[in-house]
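Below: the structure, in structure tokens.
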Amino acid sequence: MTPSLGSVAEVTAVVARRLSLTVRAEQDRTGGVIPSARRRELAEELIAAEVRIRLSAVGQRSGTGLADEAAALEKSVTDALCAMGGLQPYLDMPDVENINATGSDQVFLRFSDGRRERGAFPVADSDADLIDLIRTAAARVGHEERRFDRGAPMLSLQLPDGSRLFAVMAVTKRPCISVRRHRYPKATLSDLVALGTVDAGLAAFLSAAVRAKLNILIAGGTGAGKTTMLRALASEMDPTERLVTIEDALELGLDTDPDRHWDVVPMQAREANSEGRGVISQAELVRAGLRMSPDRVIVGEIRGAEVIPMCNAMSQGNDGSMATLHASTSRGVFAKLAAYAAQAPERLDLPSTNLLVANALHLVVQLDQAPDGTRVVSSVLEITGADGAMVVANEIFRPGPDRRAVPATPPSRLAQLERAGFDPATFRRLR
């Protein structure tokens, strides 16, 4: 737009300064942290007031009607301060799954049907504005402010809509962002049946496995739908159960659905401060979470030393716990777990790790992609024991012709699953 009322950047800077002072004054007066809804309310009031002042001044000089420009300016400044600026229109597109930007103007989109396209417009006016946008988001979302500068050039955080944003600067030629959107923040197994991820029989099996409090690991590649599957399995839990969730960056969001989950303690790992202190790892959070009387412990993604306390939790009374792991095959899961355990402070050898895993895990649910691009469960392993360098497991659901899982071998825990409501007829025909 022609900036007769001032540019978006100019008005945003003016209002941002006033908003900072207003929020600080209100926090000093109330003695508490300002909720995000109240912060947005204050921002909208200040934006509207500033636009009215500018509209009045310009209108008196020119007599020109500027209502459309004023409305557009107000929305753009609101998006910059309360939403995600130029990124917001992409976040509002319902079928976009991934948004990647190299600098402010090279935008690349991946859609739910597998299409890839260039973005039609930049996410910011300049690279400097993109960095400012990311810093504003880091200060506004989450439960603690995270730095984004040359001293802390990488940032991972959850956006208000549940999407996960990763940003990097200084170590790349231009600032870059990657946003992974969660299109099903409150997924259920019924939703996954409708999407073709599982059929009704497998959904019934997984539902019974959750109710029977089997320990479940969900595995798959990048973007396979691990978090969506974890949410769907969690939807089968008794709503009164106390859950402790541990994540590197908050994105599960079970605590945002109090009707389905009454009692959730979300915990997030913390990075070191500018002096290299204050880091809190997922492994530490798992140990801390066990002291909070959880019925189940859920780790958003195992990616390191937390594998050992997580397996200990699963084998010491916290039945029904769950986690996800980045692994392309269900058999590759065990090698990945062993590698993480070997790198942990305990330095577990392979036989010890396999024994720990075999005593902790009951099921591995593997996610894959069907030929038509649909995300599917391709395999379910039941872990039955350990034999030195190997974890012993039966493939109770195996990949069918289209990669979708079909019944293979009846599970050894069939009676336990039947008590949880599963109809064993699914496996009877295999006998």
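The values are calculated or read from the model by the stated rules, or taken from the named source; none is laboratory data. Just so you know, these numbers come straight off a predicted model, no measurement behind them. When we count neighbours, we look across all protein chains shown, and the Cβ atoms used for this are built from the backbone with ideal geometry, even at glycine.
Here are the numbers:
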item: Residue in the range 193-203 that is surrounded by the fewest Cβ atoms within 10 Å (Cβ to Cβ), counting only those that are without any contact (Cβ under 8 Å) to a residue 60 or more places away in the chain and touching a helix residue (DSSP H, G or I) at 6+ places or on another chain (Cβ under 9 Å); result: A200
item: Count of residues meeting criterion [surrounded by fewer than 19 Cβ atoms within 10 Å (Cβ to Cβ) and within 16 Å of T136 (Cβ to Cβ)] in the range 65-77; result: 0
item: Long-range neighbours under 9 Å by Cβ, at least six apart or interchain, first residue more than 18 Å from N394 (Cβ to Cβ) within the range 330-342, second acidic (D, E) and buried (at least 20 other Cβ atoms within 10 Å of the Cβ); result: Y340/E306
item: Residue list for the range 372-431, filter: among the aliphatic types (A, V, I, L, M), over 30 Å from Y184 (Cα atoms) and surrounded by fewer than 19 Cβ atoms within 10 Å (Cβ to Cβ); result: A389, M390, V392, L414, A415, A425, L430
item: Residues located in the range 85-121, provided they are surrounded by fewer than 18 Cβ atoms within 10 Å (Cβ to Cβ), modelled with pLDDT of 90 or more and over 18 Å from the mean Cα position of the chain (by Cα); result: T102, D105, Q106, F108, R116, E117, R118
item: Which numbered condition S281 fails, given (1) surrounded by 15 or more Cβ atoms within 10 Å (Cβ to Cβ); (2) out of contact with any Asp or Glu (no Cβ under 8 Å at 6 or more places or on another chain); (3) over 24 Å from L367 (Cβ atoms); (4) of a type outside the set (F, W, Y); result: (2)
item: Strands (runs of 3 or more DSSP E) completely within the range 331-412 that count 3 or more residues being among the charged types (D, E, K, R); result: 375-387
item: Only one of L252, L217, L206, L243 that is at pLDDT below 90, in contact with a helix residue (DSSP H, G or I) (Cβ under 9 Å, 6 or more places away or on another chain) and either in the same structural domain as P411 (by the TED database) or surrounded by fewer than 21 Cβ atoms within 10 Å (Cβ to Cβ) (or both); result: L252
item: Tally, over the range 126-166, of residues that are in a loop (DSSP other than H, G, I, E, B), of a type outside the set (D, E, K, R) and at pLDDT 80 or above; result: 6
item: Some residue of the range 58-66 being modelled with pLDDT of 80 or more and either out of contact with any Ser or Thr (no Cβ under 8 Å at 6 or more places or on another chain) or under 26 Å from L165 (Cβ atoms) (or both); result: no
item: Candidate set from the range 294-335 (those that are charged (D, E, K, R) and within 21 Å of the chain's Cα centre (by Cα)); member that is nearest to L243 (Cα to Cα); result: R296
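Yes/no matrix, rows are residues, columns are (1) under 19 Å from L325 (Cβ atoms); (2) touching a Leu at 6+ places or on another chain (Cβ under 8 Å); (3) part of a helix (DSSP H, G or I); (4) not polar (S, T, N, Q):
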{"position": "D191", "(1), (2), (3), (4)": "no, no, yes, yes"}
{"position": "L214", "(1), (2), (3), (4)": "yes, yes, no, yes"}
{"position": "M229", "(1), (2), (3), (4)": "yes, yes, yes, yes"}
{"position": "E236", "(1), (2), (3), (4)": "no, yes, no, yes"}
{"position": "T240", "(1), (2), (3), (4)": "no, no, no, no"}
{"position": "V265", "(1), (2), (3), (4)": "no, yes, no, yes"}
